[in-house]
Amino acid sequence: MKQWISNYLDAQKTALDSIDAASVERVVALLVEALRADRQLFVFGNGGSAANASHFATDLGKGSSDKLGRRFRVLSLNDNMSWLTALGNDYSYDEVFRRQLMNYARPGDLAITLSVSGSSPNLVKAIEWAGENGLKTVAMVGGKRGQLAELADEVLVIDSTHYGRVEDAHMGICHMLCYAFMEDAVKELTAPQAMPCQAAS
């Protein structure tokens, strides 16, 4: 057992080491741009990636926003079970994210999806629609890359096909994206003088 644990940790470190810092930096820039322009952010995935999407939306919407004093408009498309079951039942499971985007999304918004395989049909359809309708798109994928890696504007690849390790590494990226704002890594880009004023509510 000790050897298995040691081997697992070594493989997890290798997965984390495959994260491309330049790609993460570019996605941070997309988040800064979305914040400046008051764009809507959509995140979504299946299974463990759905849980990661919800976690990411929570951290960005609360922790990062609290630190900035300016709110990210971020929504996890996994979190409304009435929507998901209605769309899955009346159309198909392949449509559960695309059809939510059809209701909510506008050109210039940002869609971020997480997928180990990179080829889940419901994610592919959503990112295809997003690209065709003027959204900026990001895909976090595993070593197979899949169709999402061909469709998304920015792709973050974990060099592993192990579901647990890829999902853990994706969550590590999500935390980096959030803590870039919480720990002032992009302070010069998000300072009040660099940001347009929001209208009082």
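Annotations for the structure displayed:
- Residue pairs whose Cβ atoms lie under 7 Å apart, separated by 6 or more positions or on different chains, with the first residue in region 2-22 and outside any helix (DSSP H, G or I) and the second of a type in the set (D, E, K, R) and surrounded by 10 or more Cβ atoms within 10 Å (Cβ to Cβ), are 18/159.
- Total residues in region 32-50, condition part of a helix (DSSP H, G or I) and under 21 Å from residue 109 (Cβ atoms): 8
- Qualifying residue in region 66-84 (condition: more than 17 Å from the chain's Cα centre (by Cα) and on the phi > 0 side of the Ramachandran plot): yes
- Residues located in region 51-91, provided they are in a loop (DSSP other than H, G, I, E, B) and among the acidic types (Asp, Glu): 79
- Condition broken by residue 64, with the remaining ones in (1) more than 22 Å from residue 156 (Cβ to Cβ); (2) buried (at least 21 other Cβ atoms within 10 Å of the Cβ) satisfied: (1)
- Taken together, the residues in region 92-104 that are within 16 Å of the chain's Cα centre (by Cα) and either loosely packed, with under 13 Cβ neighbours inside 10 Å or part of a loop (DSSP other than H, G, I, E, B) (or both) amount to 1.
- Evaluation of residue 29 against the conditions (1) out of contact with any Ser or Thr (no Cβ under 8 Å at 6 or more places or on another chain); (2) closer than 27 Å to residue 121 by Cβ; (3) not in a loop (DSSP other than H, G, I, E, B) shows that the sole unmet condition is (2).
Taken together, the values in this text are just the output of simple stated rules run on the coordinates, not laboratory data. Everything numeric here is computed off the predicted structure, so don't read it as measured data. Positions of Cβ are generated from backbone atoms using ideal geometry, with glycine treated the same way; all protein chains shown enter the neighbour counts.
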